Structures are given as structure tokens and as C-alpha cells.
Amino acid sequence: MAAPDRRIVRISGPDGESEVDVYSPEGYRQLTALWVKAAWQHRISYEPTWLGIPIIQLPEDILMMQELIHKIRPDVVVETGVAHGGSGLFYASVLELLRRGRVISIDVDIRKHNRLAIQSHPLSARLTLIEGSSTSDAVLQQVRAALRPDDVVLVVLDSDHRFEHVRRELELYAPLVTAGSYLVVFDGVMEQLADVPSGKPEWIRDNPLAATRDFLAAHAEFEADPYYNRLGVTYCPRGFLKRVGRA
């Protein structure tokens, strides 16, 4: 009796069932998409910590952000969405290794225990916290006031993931991104997760990726760079936006 062909898997989707070779490019794409769904359901992104602080990102995206910061060598990383502070301290740690730069992290509600953990961390000197809505005039004025005219600026959006909020953030923070640098939009993967048990049906349209598409259609000075999605496993599909020209 012949052994089963373990390189062929059957995938069920909206268009019915299909068979793919797991070693083909399409097979890899399908398997990584399934892994992302399962990982979301099992809250895998809540597992990693960075230097003792929860980071709430996939390891693959953490690695890609390291590559991006090393390449761009920004003077300032502007981050919306603080949570526990792990991502801001991660960016600060890469900048520390590069012996340059600082991080500005913004959140509408920075909880006391998170603030204390961040401010007592050895890398806190490279990180400034701003509490308030990322889309408010007051917060945006604080961010602009902290930037010097010759700063290389990288922006990361990872706060409220609703379409309208992300679309507004994109308009407000895109002008801060310097030529050749990037605007990174996290959690566009929500569009793919509308049908997982812990997902929500409205995510199919109310998500950061939809906001990113809408933004790119109106802003030819930015384009999605697929290089930083090359591992397949990501919460940022089409989320690495490179500034290639002026507005």
C-alpha cells in the first residue's frame, strides 16, 4: 500500500475546496495564512516580551521592524499605541544599538503600572510618553514640537484599529514621514480574521488594511513595500508604506 502524499493538503475556502502542494509558493501562502488565523485565536502575539515588557507583536514582525530601523536609522520613531510599552522599548533598544535616535509613544490611556514599568526601564531615556488621543490637535502639536527640521522620522500606527481612526491617523502622521522613510500600519490582518472564532464579522471592512488602501489611492507619494512582508507570517499585510515622493 502506497504511503499518502503528505505534500498535498486540501484547503476549504469561500470558493470551495482546493488542493495545494505545501512546498509550492501557493502552498506556503495558504499555510502561513492559516497559521496567522490559528495564532490569533490562540493569542500568540501576547506571548513575547521584549527585555521583560510585553510587546504584543508577532516575532516575524518584530524582526522586520528591526531590519527597517537598521536600514532607515531614524532620528525619531513616532508610535501610536503604547499598551504595556514593549514595542516602544523595542524600538528604543534598536536605536540604542545604533547609538542614535529616540521614540515618541502616544496612547489615549497610559495605565499607571505600565507608565511606571516604562519609566523605570534602563532604556527609558530614549522614550517619551504622550498621553492623549493620537488624532487630537494637542497631541499632534506636541509631536511636531519635538521634531527637529533635519530629523529622519519613521511612524508606526498601532492604536485604535477602526477604519475611521486609522484613516485619520494616516492623514495626520504621513506628513511627518521623511523621504525614503516609512509609515508602518499594524493589524491590517484583521480583514483576514473576520471569520475566526474570536473575530468579528465587521472586521471584513472595518480594519486598518481598508484604511491603508484608501490612503494609498489618494497619496501617490507613498507605496506599499512588499519586502517587509516576505516572511508571509505578519499582522501588517501591505502595511509597510515607503515615502517615495512629496505630497
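The values are calculated or read from the model by the stated rules, or taken from the named source; none is laboratory data. Note that the coordinates shown come from a computational prediction; the quantities given were computed from them, not determined experimentally. Note: ideal-geometry Cβ built from the backbone for every residue, glycine included; neighbour counts use all protein chains shown.
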Practice item. Say whether the condition of being polar (S, T, N, Q) and either at pLDDT below 95 or within 22 Å of GLN141 (Cα to Cα) (or both) is met by at least one residue in the stretch 52-67. Key: no
Review point. How many residues does the stretch 56-95 hold that are assigned to a loop (DSSP other than H, G, I, E, B), in contact with a Leu (Cβ under 6 Å, 6 or more places away or on another chain) and without any contact (Cβ under 8 Å) to a residue 40 or more places away in the chain?
Key: 0
Exercise for review: Could you please tell me which pairs satisfy a Cβ distance under 8 Å, a separation of 6+ or placement on different chains, a first residue in the stretch 110-135 that is touching a residue at least 40 places away in the same chain (Cβ under 8 Å), and a second residue that is assigned to a strand (DSSP E or B) and of a type in the set (Asp, Glu)?
Suggested key: LEU129/ASP107; SER134/ASP107
Revision key, fill the gap. Flagged in the stretch 32-46 as over 13 Å from MET190 (Cβ atoms) and aliphatic (A, V, I, L, M), in numbering order, are ALA33, LEU34, ALA38, ALA39, ILE44
Study note, to complete from the structure: Exactly one of VAL155, VAL108, VAL143, VAL103 is surrounded by fewer than 18 Cβ atoms within 10 Å (Cβ to Cβ) and either within 26 Å of PRO237 (Cβ to Cβ) or of a type in the set (Val, Ile, Thr) (or both), and that residue is VAL108
Point to revise | Output for the stretch 71-97, where each listed residue is out of contact with any helix residue (DSSP H, G or I) (no Cβ under 7 Å at 6 or more places or on another chain) and farther than 23 Å from SER45 by Cα | key: LYS71, ILE72, PRO74, ASP75, VAL76, LEU97
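Each row is one residue, and each column tells you yes or no for (1) out of contact with any Cys (no Cβ under 8 Å at 6 or more places or on another chain); (2) assigned by TED's automatic domain parsing to the domain that holds ALA83; (3) aliphatic (A, V, I, L, M).
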{"residue": "ARG148", "(1), (2), (3)": "yes, yes, no"}
{"residue": "GLU171", "(1), (2), (3)": "yes, yes, no"}
{"residue": "PHE186", "(1), (2), (3)": "no, yes, no"}
{"residue": "LEU209", "(1), (2), (3)": "yes, yes, yes"}
{"residue": "THR212", "(1), (2), (3)": "yes, yes, no"}
{"residue": "ALA217", "(1), (2), (3)": "yes, yes, yes"}
{"residue": "TYR235", "(1), (2), (3)": "yes, yes, no"}
